[in-house]
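Worksheet: one structure, shown below.
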Amino acid sequence: MTRRPVTGHTPEDHYGDELTLRLSGVADTRALHDDDALHTFMRDLVARIGMTVIAGPLVATEEGPPHQAGKSAVVILAESHAAIHTYPELREMFVNIFSCKPFREQDVLDELTGLVGGFEVTERSLTRRGEDWPRALGPASRLWRSRRRHPAA
């Protein structure tokens, strides 16, 4: 994903980025019903953004009324996780990627286009996670212990 410059910050000053997308008006919903297509999509997405699979992809089905029915797919990464939630009858889906390793948002959008054709990004959030969390294990562990002893008010 393209990092947005933040005054006084470098890519190394936070733990990672979390990208959340809501896609509406999905052109081709066939893959949103298809376990195999979602499994392949998750595997290809992770490969494209250069992540390491620890577990998954796992695909599950949610039955119910159209506004709740769909599929969810998740993959656990060495760098964190990636997930997708589909709502075929609504022609919508949600995507969430959290990673301590930089990735390009355009790569994610290109893989989504390959899955469903056209769509509109109706919600988008890019959050810098862990801005005060040290990346090295020793300092992170000390910070965690100090916060457990003295929780913030």
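Listing for the model above:
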| item | result |
| --- | --- |
| Pair residue 44, residue 20: separation of 7 Å Cα→Cβ label points (nm) | 2.7 |
| Rounded to whole Hz, the Karplus (6.51, -1.76, 1.60) HN-Hα couplings of the range 116-129, x for glycine and proline | 10, x, x, 6, 10, 7, 9, 9, 8, 9, 10, 10, 7, 9 |
| Label-to-label distance, nm, for residues given as residue 72 and residue 54 (7 Å Cα→Cβ offset) | 1.8 |
| Residue list for the range 58-91, given a label point 7 angstrom along the Cα-to-Cβ vector of residue 33 and an amide N cut-off under 17 Å | 60-72, 86-91 |
| In the range 34-123, the GluC sites (Glu not before Pro) that fall in loop regions by DSSP, at most 12 other Cβ within 10 Å | 63 |
| Which of 81, 33 is most accessible, then next, and so on - probe 1.4 Å | 33, 81 |
| Rounded accessible area of residue 126 (nearest 10 Å², 1.4 Å probe) | 50 |
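The values are calculated or read from the model by the stated rules, or taken from the named source; none is laboratory data. Values in this document were obtained by computation on a predicted structure and should not be read as measured data. Heads up, the Cβs are rebuilt from the backbone with ideal geometry, glycines too, and the neighbour counts pull from every protein chain shown. Ligands, DNA and RNA are stripped out before the accessible areas are found, and what is left, the full protein with its side chains, is counted by its heavy atoms. Shrake-Rupley method; radii C 1.70, N 1.55, O 1.52, S 1.80 Å.
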